[in-house]
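The values are calculated or read from the model by the stated rules, or taken from the named source; none is laboratory data. Just so it is clear, the structure is predicted and the values come from calculations on it, not from any experiment. Note that each Cβ is placed from the backbone with ideal geometry, even for glycine, and that neighbours are counted across all protein chains shown. To get the accessible areas, we keep the full protein, side chains included, count just its heavy atoms, and leave off ligands, DNA and RNA. Shrake-Rupley method; radii C 1.70, N 1.55, O 1.52, S 1.80 Å.
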Amino acid sequence: MLIQDRLPLQSGEPVVWFARVRLFLAGAAFTSALLFDVPHKLRTAIVLGTVAVTWSAGVLALAQRRSELAMSPWVALGDIAVLGVLQVDEPEAYGALRFVALFLIATHAYFLGEVRGLAIAIAGVVALVPAAALLDVPIHGGMLAFYEGLFAICAVCCGLFVARLRTAESAARLRARDLSRRTIESEARVRRRLAESIHDGPVQELIGLDLMLASMDQAINRGDGALVKRRLAEARTLAERNIGALRDEIVGLGPYAFDELTFDAAVEDCAPVWQRRYGLEIELAVEPLDLSNELCGSLFGIAQEAVANAGRHAGASRVVVTLRPVGDEIELRVSDDGHGFENGDPRSTTDPSHIGLASMRERAALIGGRLEIETGERGTKVVVRAPLPEGDAG
C-alpha cells in the first residue's frame, strides 16, 4: 500500500546536502562545456550558466533558509524542467541528461515519499521521453525506443523503490522512537508507583516498628514482661507483612535471578503474586527446561506482560501459562478468558496502556522468535515460538 504523506526528516541537513550536490553538478557541467570540445560550446555554456547554475544556486539558498520548502514537489518539477531545457538546447547531451535525471528522480523520491516520488518519475518520463523522439539525439530508430523504454522503467522503479526503502526505514525509526518514549513514560509510572508504595507501606510501618521498639525498651525497664511479649509479637507480624510486600514489589520488577532460577521456578514463584495482584486464577503447565539466561529472561518478560494485560485490560478471571519444546523450537503460550481487544488488532495499537504489547514484540525479536496474538470474545492467546539453541534442553 502506498504512503500518501511523506515521513518527516530528523534534520534539514540532508536537503542542504542535496542542494549542494545539485549546484556542484550544474557547475561541473558548465565547466566541462568550457573546457571540452562540445557542440555549440558557447551556447551550451550560456544555457548551463543562466539556467542550471542559477536555478541550483537559488535552491541552495532556499534550502539553507527553509529546508522544508526545498523539499517541495515544485522544486522537483523545476529540476525536470531544467533538464528539459538542456535537452532541447543540446540534444547530443542525451545520455548525460538521462544519468542526471535518474539521480534527481531517486533523490526526490527519497525526500517526497512514494506517491509524490512516483509522480515526479512520471513527470520526468513525460517531459524527456517524447522530446527525445522529436529532437536530433545521437540514437535513432529501434535503439532509441529501447533506451527510452528502459529509462522510463528505471525512472519509475527509482521513484517507487527508493521512496519505499525510505518509508520502511523511517517508519521503523518512528516506531522505535515512539516505543522508547512510551517505555520511558511507563518506567516513570513504575518508579512513581514504587516510590509511593514504599513510602505509604514499609516506610510508615517501619516508623511504627521504631515506636514499638521504643515502647518495648520502656516496658523492659519497668519489668512489664507481658507488654514486651505483646509488642514483640506485633513487631514480628509487622516485619513479616513488610517482607512479603517488598518481595511482591521485587517480583513485579521482573526476573533478576535467572543464573540461579529456571524459567519454571521463576514463574511458579511469581504466580501467587500475580494471582493476588490481578485477582486471577493462574494455571501453569511449564516443562522444566534448562534454557539460557537470555531466552529465560525474554520468555519471562513476555509471560509477565501477557498476564498483566489479561488482569488489567481484558477482565480475565483465568490465565493458563504453558511452556514446551516443539521440534527445534520453544513455545510459550499464555491464554486468558477475558474479553479480548476492542480494535481486534492488538499488534497495531499505539495506546500507551498497551506498551506491553510492543515490548512483547521486541522481546520476541531479541531471541529470533515469532509473536502471534489471537483475540476475540472468548479471550486472548499469546503464542511465542523461538529457536531452541543447541545446548538448551529439549
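Applying the Karplus relation 6.51 cos²θ - 1.76 cosθ + 1.60 with θ = phi - 60° to the range 56-73 yields 3J(HN,Hα) values of 5, 5, x, 5, 4, 4, 5, 5, 6, 9, 9, 4, 5, 6, 6, 8, 5, x Hz, where x marks Gly and Pro. Scanning residues 5 or more positions from Glu329 or on other chains, those with amide H under 5 Å from its amide H are Leu388, with H placed 1.01 Å from N in the peptide plane.
When all protein chains stay in place, what accessible area (Å², nearest 10, 1.4 Å probe) is found for Tyr110? Roughly 80 Å² of Tyr110 is accessible to a 1.4 Å probe.
Between Asn221 and Val85, residue separation times 0.36 nm minus the direct Cα-Cα distance comes to 38.3 nm. Dipole magnitude for the range 51-175: computed about the Cα centre from +1 point charges on Lys and Arg Cβ and -1 point charges on Asp and Glu Cβ, it is near 700 debye.
Length available on full extension from Lys229 to Met212: 0.36 nm per residue minus the Cα-Cα distance, which gives 5.0 nm. Distance between the pseudo-spin-label points of Leu165 and Ser317 (7 Å out from Cα toward the beta carbon): 5.6 nm. Multiplying the residue separation of Glu196 and Ile139 by 0.36 nm and removing their Cα-Cα distance gives an extension gain of 12.6 nm.
Note on Ser292 and Arg20: with the Förster distance fixed at 56 Å, the Cβ-Cβ geometry gives a FRET efficiency of about 0.65.
Normalising by residue count, the range 26-171 has a Cα convex hull of 102 Å³ per residue. Scalar couplings 3J(HN,Hα) for the range 384-389, obtained by applying the Karplus form with A = 6.51, B = -1.76, C = 1.60 to θ = phi - 60°, are 10, 10, 9, x, 9, x Hz; x denotes Gly and Pro. Couplings 3J(HN,Hα) for the range 291-307, derived from phi with the Karplus relation 6.51 cos²θ - 1.76 cosθ + 1.60 (θ = phi - 60°), are 9, 5, 4, 4, 5, 4, x, 5, 5, 5, x, 5, 4, 5, 5, 5, 5 Hz, where x marks Gly and Pro. Of the residues Phe103, Phe18, ranked by 1.4 Å probe accessible area with the largest first, the sequence reads Phe103, Phe18.
Please find the FRET efficiency linking Val326 to Glu268, where r is the Cβ-Cβ separation and R0 is fixed at 22 Å, and quote it to the nearest 0.05.
Working: r = 22 Å, r/R0 = 0.99.
Step by step, r from the Cβ atoms, then E = 0.50.
Figure note: Arg241, Arg22, Arg222, Arg65 ranked by solvent-accessible area, largest first, 1.4 Å probe, ligands and nucleic acids not counted: Arg65, Arg222, Arg241, Arg22.
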